[in-house]
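Enquirer: Supplied in structure tokens, the structure appears directly below.
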Amino acid sequence: MTDLFDDASILRRTPVEALTVEQAAAELEALAREIAHHDELYHQKDQPEISDAEYDTLVRRNNAIEGRYPELRRADSPSLRVGSAPAAGFGKVRHALPMLSLGNAFAPEDAREFVARIRRFLGLAEDAAVEFVAEPKIDGLSCSLRYEDGRLVLAATRGDGAEGEDVTANVRTIRDVPHRLPAPYPAVLEVRGEVYMNRDDFLEMNRARADKGEPLFANPRNAAAGSLRQLDPKITAGRPLRFFGYALGELSEPIADTQSGVRRRLEGWGFQLNHPTECCRGADELLRHYERIGRERSALPFDIDGVVYKVDSLELQQRLGFVSRAPRWAIAHKFPAEKAQTRLKGITIQVGRTGALTPVAELEDITVGGVVVSRATLHNEDEIARKDVRVGDLVVVQRAGDVIPQIVGAVLEQRPEGTEPYRFPDHCPVCGSLAVREPDEAVRRCTGGLICAAQAKERLRHFVSRDAFDIEGLGEKIIEEFWDDELIRSPADIFTLQEREEAGTIRILGRPGWKEKSVQNLFAAIRQRRDGIELQRVIFALGIRHVGEVTAKSLARHYTTMENWIERMIEAGHAMPGEAWRDLHELNGVGPTTAATILAWFADPESAAKLDFYSGNDSLRLETVIASLGIKRLNVRAAQALAQRYGTLESWRATMTAAVAQAPGPAWLELVAVPDVGEVAAEEVASFFLEERNLTVVRDLAARLNVLPAEAPKAVSSPVAGKTVVFTGTLETMTRAEAKARAEALGAKVAGSVSAKTDYVVAGADAGSKAAKAQELGVTILTEQAWHELVGG
Ligand code: IVH
């Protein structure tokens, strides 16, 4: 192999700074081949030819060259692969169509509102008939089966909805899954459904495991998940897994017009369906079926946790579309949680990553819905007070699905004598700092910040959690131990562990459970992350409040590189709007346009004289003065609101003058416009970057890591992508909501008013001033028909 990669080895001697573009490109190509070769030897053949350290050198060299010449990064670059090596053993699969989840309904009103919402969205009369299918909801694992020319070619788990794991070999062992379909079938067919286990099979399997002294599964769902995710398909084959089909993914041609039609086709191909299922017209019938399934629930062979309602017509499903990750055309109506009673032995307080104190109920062990529960959440101090739950009480515990068990309340009739109302601590039980509550918050937080061990530990734990750095061998327990022994006190410390171990300043080797091999494995796992980590993981790992996985991903996609993100966040921090500006914008009765004209008026130097004229004149009411200044678009209602809020002309003037200077800057406006980033999250992120010590942590990390640039969001290709559209007048073929949702799905921006920036005005019947304005500005005006033609029907 030496001769094969000879050229790369020669070039590698040239310092990166001295490489010409041509040399860099040639070397990157050679490195890509060489590293891919070693990956294959290591991962597939288990026969590495070079040491980990040598492999590392290659990867670092590759990354250094890419750092110098980012534009030369190849599509097959190792830096895009490292970090997602099949550590878990399953290949990753990108779903042809995303696998979505369902919104939940808990009460009958939620189900009625679901039906009403659909009618409203489609512009149907309140009593118009809409047909639904109601199917039981089994709590298993969703799975997508892909058939090409009638043969099963791929089975994938849901994963994060966009990307799942390739579990084809395991799914082939499930008896309910046909390997070949009887003709006729479409060339491409994706069947989506649930892998699950029957209750009896689950109990039987657990009994057998108990006999062999093997650990038991908590419930059928966990058992199904654990069985499907076995690396050895032979193990899966021995587990009683089942499958039912309930939906479709990618299709090369339509197979039916309705969900009930889809079910019939699936049955014809040999799939099992989930029963009892019924066609229902409207909410009353849906709720009747829900009650019926609820009564028959315990007689079903499998556990179900609700009923899924789906609009039957696929055409309507298409029109209804999706809101974030769930369809508008379906909902899961959940059954009430299972409940049980037990004794509350005590209340302990957990301190979270953001300092929140969470009360935890310590319970006498109790089985709820087949799972042994010994702790449950009590949410916060108001909840405890409201429910008046006291230590010693008999309490009702409930558990719904996978959710953390909760305390519903105390059984007051059986309250023992001598109990006392619980007093929530006002100091952090871990660091002793004062714990305070913001006026509008339910949680009490420890003010210890960095000095609070609990918060620091939780932050680190979050840092290495599954959706963050996910470092194998550095789980919760180890992080805690390393923190206690001062091996790791901040995220950056993780990346100096090896250096410090080799220099002898710390000793991991020889600690209980740490042998040469495990230490080396840990270092390798850390290096793997260091040498190629996705930006979204780094952002999520920082643990900024309100920045979950989805927001982190959005930020990463928008800002693409770590450096750019940091710079823009610092700018956003300085570009946040000030108190006075916000105050004006939050005032009821003053909309954003009026707020803007008010501030524009104050920014105009000529306005000062007008204000001087009125100041000191007490005979006029403030609202009259405000209304007579000639500020555009300022109506009486706004004048009243302003007068009431600011009291005197002087105070209003001072606040508005301050507000003019406090208007948000472009970096802030850009941040709040990023999809999935609301004002609240934006504020948390921007303030995070205003804190010097946070910035130090982030910069430290950035210096140590090779953060992979994120893929920019896929541009939607449609004739209206990036265009600004205004809908006006009475639309006939769709409601406003539907028109807006469709236009946005096609990448257009929908605005409420016409300006020079508007690209199209879609005018329905009786279009008034907006159409006139469009004409005046020369904006293209489309009829509804023309709009449909433009976007392709
Ligand atoms: S339909 C676009 N039907 O529930 C939505 N899902 O909570 C496609 N599930 O991820 C899902 N029974 O794993 C559908 N009869 C049923 C179902 C069902 C169980 C699961 C599925 C989904 C989850 C959402």
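The values are calculated or read from the model by the stated rules, or taken from the named source; none is laboratory data. Values in this document were obtained by computation on a predicted structure and should not be read as measured data. Neighbour counts are summed over all protein chains in view; Cβ atoms, including those assigned to glycine, are modelled from backbone coordinates with ideal geometry. Heads up: the accessible areas ignore ligands, DNA and RNA and are worked out on the full protein's heavy atoms, side chains in. Shrake-Rupley method; radii C 1.70, N 1.55, O 1.52, S 1.80 Å.
Enquirer: Applying the selection to segment 318-376, what residues are basic (Lys, Arg), assigned to a loop (DSSP other than H, G, I, E, B), within 16 Å of the ligand (Cβ to nearest atom) and out of contact with any Ser or Thr (no Cβ under 8 Å at 6 or more places or on another chain)? Break it down stepwise before answering.
Expert: Here is the first cut: in segment 318-376, the ones basic (Lys, Arg) are 319, 325, 328, 334, 339, 343, 345, 353, 375.
The next check asks that each one be assigned to a loop (DSSP other than H, G, I, E, B); those that pass are 325, 328, 353.
Remaining after also requiring within 16 Å of the ligand (Cβ to nearest atom): 325, 328.
Hit for segment 318-376 is 328, nothing else.
Enquirer: So residue 285 ticks every box in (1) within 16 Å of the ligand (Cβ to nearest atom); (2) surrounded by 15 or more Cβ atoms within 10 Å (Cβ to Cβ) but one. Which box is left unticked?
Expert: Single failed check for residue 285: (1).
Enquirer: Also: For segment 94-112, which positions are of a type outside the set (D, E, K, R) and away from the ligand (no atom under 16 Å from the Cβ)? Working first, answer last.
Expert: Kept after step one, since they are of a type outside the set (D, E, K, R), are these residues of segment 94-112: 95-108, 111.
Listed by number, the residues that qualify are 107, 108.
Enquirer: If you don't mind, there's one more thing I want to ask. List pairs: first in segment 731-749 and touching a residue at least 40 places away in the same chain (Cβ under 8 Å) and within 12 Å of residue 318 (Cβ to Cβ), second open to solvent by less than 30 Å² (accessible area, probe 1.4 Å) and part of a loop (DSSP other than H, G, I, E, B), Cβ under 7 Å, 6+ apart or cross-chain?
Expert: Between residues of segment 731-749 that are touching a residue at least 40 places away in the same chain (Cβ under 8 Å) and within 12 Å of residue 318 (Cβ to Cβ) and residues that are open to solvent by less than 30 Å² (accessible area, probe 1.4 Å) and part of a loop (DSSP other than H, G, I, E, B), the close pairs are 741/321; 745/321.
Enquirer: Is segment 555-565 home to any residue that is more than 30 Å from residue 78 (Cα to Cα) and surrounded by fewer than 16 Cβ atoms within 10 Å (Cβ to Cβ)?
Expert: Taking segment 555-565 and keeping what is more than 30 Å from residue 78 (Cα to Cα), we get none.
No, because not a single residue in segment 555-565 is more than 30 Å from residue 78 (Cα to Cα) and surrounded by fewer than 16 Cβ atoms within 10 Å (Cβ to Cβ).
Enquirer: Right, next: Scan segment 637-663 and report the pairs whose first residue is outside any helix (DSSP H, G or I) and whose second residue is among the aromatic types (Phe, Trp, Tyr), with Cβ atoms within less than 8 Å and a gap of 6+ or a chain change.
Expert: 662/581; 663/581
Enquirer: Among the listed residues 315, 278, which satisfies the condition of being in contact with a helix residue (DSSP H, G or I) (Cβ under 6 Å, 6 or more places away or on another chain), at pLDDT 90 or above and open to solvent by 70 Å² or more (accessible area, probe 1.4 Å)?
Expert: 278 is the lone residue from the list that is in contact with a helix residue (DSSP H, G or I) (Cβ under 6 Å, 6 or more places away or on another chain), at pLDDT 90 or above and open to solvent by 70 Å² or more (accessible area, probe 1.4 Å).
Enquirer: Checking residue 737 against (1) in contact with a strand residue (DSSP E or B) (Cβ under 6 Å, 6 or more places away or on another chain); (2) within 27 Å of residue 557 (Cβ to Cβ); (3) surrounded by fewer than 16 Cβ atoms within 10 Å (Cβ to Cβ): exactly one of these is not met. Which one?
Expert: (1)
Enquirer: While we're looking at this one, here's another question. Might you let me know whether segment 623-630 holds any residue that is touching a helix residue (DSSP H, G or I) at 6+ places or on another chain (Cβ under 7 Å), more than 29 Å from residue 547 (Cα to Cα) and open to solvent by 30 Å² or more (accessible area, probe 1.4 Å)?
Expert: yes
Enquirer: While we're here: Going by the structure shown, is residue 522 open to solvent by less than 20 Å² (accessible area, probe 1.4 Å) and among the hydrophobic types (A, V, I, L, M, F, W, C)? I'd like the intermediate steps shown before the answer.
Expert: Details: open to solvent by less than 20 Å² (accessible area, probe 1.4 Å): yes; among the hydrophobic types (A, V, I, L, M, F, W, C): yes.
So residue 522 fits the description; yes.
Enquirer: Also: For the condition within 30 Å of the chain's Cα centre (by Cα) and away from the ligand (no atom under 15 Å from the Cβ), what is the one hit in 195, 188, 167? Working first, answer last.
Expert: Working: 195 fails: away from the ligand (no atom under 15 Å from the Cβ); 167 fails: away from the ligand (no atom under 15 Å from the Cβ).
On inspection, the qualifying residue turns out to be 188.
Enquirer: Now for a different question. Got a number for residues in segment 146-164 being in a strand (DSSP E or B) and either crowded, with 20+ Cβ neighbours inside 10 Å or under 24 Å from the mean Cα position of the chain (by Cα) (or both)? It would help to see each step written out before you state the result.
Expert: Step one: list which residues in segment 146-164 are in a strand (DSSP E or B), which gives 146-148, 151-157, 163-164.
Filter again for either crowded, with 20+ Cβ neighbours inside 10 Å or under 24 Å from the mean Cα position of the chain (by Cα) (or both), leaving 146-147, 155-157, 163-164.
Qualifying residue count, segment 146-164: 7.
Enquirer: Between 635, 564, which is polar (S, T, N, Q), closer than 30 Å to residue 702 by Cα and out of contact with any Lys or Arg (no Cβ under 6 Å at 6 or more places or on another chain)?
Expert: Unique residue meeting the criteria: 564.
Enquirer: Among the candidates 460, 487, which residue alone is without any contact (Cβ under 8 Å) to a residue 24 or more places away in the chain, closer than 27 Å to residue 540 by Cα and crowded, with 17+ Cβ neighbours inside 10 Å?
Expert: Step by step, each of 460, 487 is checked, and only 487 is without any contact (Cβ under 8 Å) to a residue 24 or more places away in the chain, closer than 27 Å to residue 540 by Cα and crowded, with 17+ Cβ neighbours inside 10 Å.
Enquirer: Quick one: count up the residues across segment 147-164 that are of a type in the set (D, E, K, R) and within 16 Å of the ligand (Cβ to nearest atom).
Expert: Count: 3.
Enquirer: Which condition does residue 292 not pass, out of (1) away from the ligand (no atom under 12 Å from the Cβ); (2) of a type outside the set (Gly, Ala, Ser); (3) within 21 Å of residue 113 (Cβ to Cβ); (4) assigned to a helix (DSSP H, G or I), if it passes all the others?
Expert: Going through the list (1) away from the ligand (no atom under 12 Å from the Cβ); (2) of a type outside the set (Gly, Ala, Ser); (3) within 21 Å of residue 113 (Cβ to Cβ); (4) assigned to a helix (DSSP H, G or I), residue 292 breaks only (3).
Enquirer: Does any residue of segment 390-413 turn out to be in a helix (DSSP H, G or I) and more than 30 Å from residue 302 (Cβ to Cβ)?
Expert: Checked segment 390-413: at least one residue is in a helix (DSSP H, G or I) and more than 30 Å from residue 302 (Cβ to Cβ).
Enquirer: Being among the small types (Gly, Ala, Ser), assigned to a helix (DSSP H, G or I) and either open to solvent by 60 Å² or more (accessible area, probe 1.4 Å) or over 17 Å from residue 194 (Cα atoms) (or both) is the filter here, so list the residues in segment 205-236 that pass it.
Expert: Those that are among the small types (Gly, Ala, Ser), assigned to a helix (DSSP H, G or I) and either open to solvent by 60 Å² or more (accessible area, probe 1.4 Å) or over 17 Å from residue 194 (Cα atoms) (or both): 208, 210.
Enquirer: Assuming residue 115 fulfils every condition listed in (1) at pLDDT below 95; (2) open to solvent by less than 50 Å² (accessible area, probe 1.4 Å); (3) away from the ligand (no atom under 14 Å from the Cβ) apart from one, which condition is it?
Expert: (1)
Enquirer: Separate question: Out of everything in segment 710-730 that is in contact (Cβ under 8 Å) with a residue 40 or more places away in the chain and farther than 15 Å from residue 789 by Cα, what residue ends up being surrounded by the most Cβ atoms within 10 Å (Cβ to Cβ)?
Expert: Among residues in segment 710-730 that are in contact (Cβ under 8 Å) with a residue 40 or more places away in the chain and farther than 15 Å from residue 789 by Cα, the one surrounded by the most Cβ atoms within 10 Å (Cβ to Cβ) is 726.
Enquirer: Within segment 545-562, identify whether any single residue is in a loop (DSSP other than H, G, I, E, B), over 14 Å from residue 467 (Cα atoms) and β-branched (Val, Ile, Thr), and answer yes or no.
Expert: Yes, there is a match, as at least one residue in segment 545-562 is in a loop (DSSP other than H, G, I, E, B), over 14 Å from residue 467 (Cα atoms) and β-branched (Val, Ile, Thr).
Enquirer: Enumerate the pairs (first residue in segment 771-793 and under 19 Å from residue 753 (Cβ atoms) and at pLDDT 90 or above; second residue anywhere and exposed (fewer than 14 other Cβ atoms within 10 Å of the Cβ) and acidic (Asp, Glu)) with beta-carbon separation below 9 Å, excluding pairs fewer than 6 apart on the same chain, so at least 6 apart or on different chains.
Expert: Within 9 Å, the pairs are 782/789.
Enquirer: As an exercise: evaluate residue 173 against (1) more than 16 Å from the ligand (Cβ to nearest atom); (2) modelled with pLDDT of 95 or more and give the number of the one condition it does not meet.
Expert: Condition not satisfied by residue 173: (2).
Enquirer: Something else now. Considering only residues that are within 16 Å of the ligand (Cβ to nearest atom) and among the charged types (D, E, K, R), look in segment 118-145 and name the one that is surrounded by the fewest Cβ atoms within 10 Å (Cβ to Cβ).
Expert: Within segment 118-145, the match that is surrounded by the fewest Cβ atoms within 10 Å (Cβ to Cβ) is 139.
Enquirer: Among the residues of segment 232-264, which ones are away from the ligand (no atom under 14 Å from the Cβ) and among the polar types (S, T, N, Q)?
Expert: 236, 252, 258
Enquirer: Which one is farthest from the chain's Cα centre (by Cα) among residues in segment 423-446 that are over 15 Å from residue 350 (Cβ atoms) and surrounded by 15 or more Cβ atoms within 10 Å (Cβ to Cβ)? Break it down into steps so the answer makes sense when it comes.
Expert: Let us first name the residues in segment 423-446 that are over 15 Å from residue 350 (Cβ atoms), namely 423, 426, 432-434, 436-442.
This time we only want the ones that are surrounded by 15 or more Cβ atoms within 10 Å (Cβ to Cβ), so: 433, 437.
On the way: 433: 33, 437: 27 Å.
Top of the filtered list is 433.
Enquirer: Checking the structure you have, find out if any residue of segment 583-593 is open to solvent by 10 Å² or more (accessible area, probe 1.4 Å), part of a helix (DSSP H, G or I) and of a type in the set (A, V, I, L, M, F, W, C).
Expert: No, the conditions are met nowhere in segment 583-593.
Enquirer: Still on this model: Tell me which residues, restricted to segment 763-783, are more than 23 Å from residue 735 (Cα to Cα), of a type outside the set (D, E, K, R) and out of contact with any strand residue (DSSP E or B) (no Cβ under 8 Å at 6 or more places or on another chain).
Expert: 777, 778
Enquirer: Looking for something out of contact with any helix residue (DSSP H, G or I) (no Cβ under 7 Å at 6 or more places or on another chain) and over 22 Å from residue 691 (Cβ atoms) - is there at least one such residue anywhere in segment 543-554?
Expert: Yes, segment 543-554 contains a residue that is out of contact with any helix residue (DSSP H, G or I) (no Cβ under 7 Å at 6 or more places or on another chain) and over 22 Å from residue 691 (Cβ atoms).
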